[in-house]
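The next block holds one structure in the form of structure tokens; read it before the comments.
Bear in mind these aren't lab numbers, they're just calculated from the coordinates by the rules spelled out. The structure presented is a predicted model; accordingly, all values stated were derived computationally and were not measured. Note: ideal-geometry Cβ built from the backbone for every residue, glycine included; neighbour counts use all protein chains shown.
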Amino acid sequence: MRPADPLAALREDIVFDAELGRHRFRFHSTWGLFSPREIDAGTRLLVNHMDIPPAADCLDLGCGYGPLGLYMAREAPEGRTLLVDKDFVAVDYACANLARNGIDNAEAQLSNGFRHIDPARRFDVIASNIPAKVGKELLTLLLHDARARLRPGGVLYVVTINGLRQFMKRHLREVFGHYEKLKQSTHYTAARAFKSDN
């Protein structure tokens, strides 16, 4: 008889319920994904300051196990929401979390930034909880690509650690022509930029 696996509990999904805005979700996650046991403070800060029209087509860029994307899909039931991440484990969990929460107006797929998203697809809202160590070169690419994929009048929402706040302010002004700080907390800053109509 084989002994019980002492690591079995660590291999099981982490399961928790969370409220985001006016919506309640059940999430499954796993070790190795960002903030696996609870919704992180940056995501909560961003959710509390986003305005998602009901028919918006949305993108969660770097979705992890999916909290931002699930929230946007619920806020925009008449639109379509796409969740992308470069980590296949994150995408697997995001897909499963969409299904277990009964969300059928969204899907998750593997993509390194915008590279593997259908080039014809456009969005009204793009949101990202940007990792602290993503690198300024990739951040620059992501901001330019986000602007290119937004429809006229579309909005990019980002939340970053405060150490990246000045970088984001400078580069959003450079790429979009303006920057709007929504809220700054002890550790995070939420901001947005709109794509002009021309």
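Report note on the peptides 38-44, 89-95, 161-167, 22-28: ranked by the mean count of other C-beta atoms within 10 Å, highest first, their order is 89-95, 38-44, 22-28, 161-167. Using a cutoff of 8 angstrom between alpha carbon atoms and counting only pairs six or more residues apart, the relative contact order for the stretch 55-148 works out to 32 percent.
Annotation: the residues Ser35, Ser196, sorted from fewest to most other C-beta atoms within 10 Å of their own C-beta, follow the order Ser196, Ser35. Expressed to the nearest 5 percent, the antiparallel share of DSSP beta bridges inside the chain is 50 percent.
How tilted is helix 136-149 with respect to the longest principal axis of the chain? Cα atoms for both, answer in degrees (0 to 90, nearest 10). That works out to roughly 70 degrees.
With a/c under 1.5 counting as rounded, go ahead and sort the chain into rounded, prolate or oblate using the C-alpha gyration tensor (a ≥ b ≥ c being the square roots of the eigenvalues; past the cut-off, prolate if a/b is larger than b/c, else oblate). If you can, show how the numbers build up before the last one.
Values: a/c = 1.82, a/b = 1.56, b/c = 1.17.
Prolate.
So how far apart, in nm, are the two label points at Thr186 and Val134 if each is 7 Å from Cα heading toward Cβ? The answer from the label model is 2.5 nm. Listed by chain and number, the lysines whose alpha-carbon sits under 21 Å from that of Lys183, ignoring those within fewer than 8 places in the same chain, are Lys169, Lys195. Nearest 10 degrees is fine. How inclined is helix 88-100 to the longest principal axis of the chain, computing both from alpha carbons? In the chain, helix 88-100 runs at an angle near 80 degrees to the longest axis. Residues whose amide H lies under 5 Å from that of Leu182, counting only those 5 or more places away or on a different chain, are Ala190, Ala191, Arg192; hydrogens are built 1.01 Å from N in the peptide plane. When peptides 170-180, 103-113 are sorted by average Cβ neighbour count within 10 Å, with the highest value leading, the order is 103-113, 170-180.
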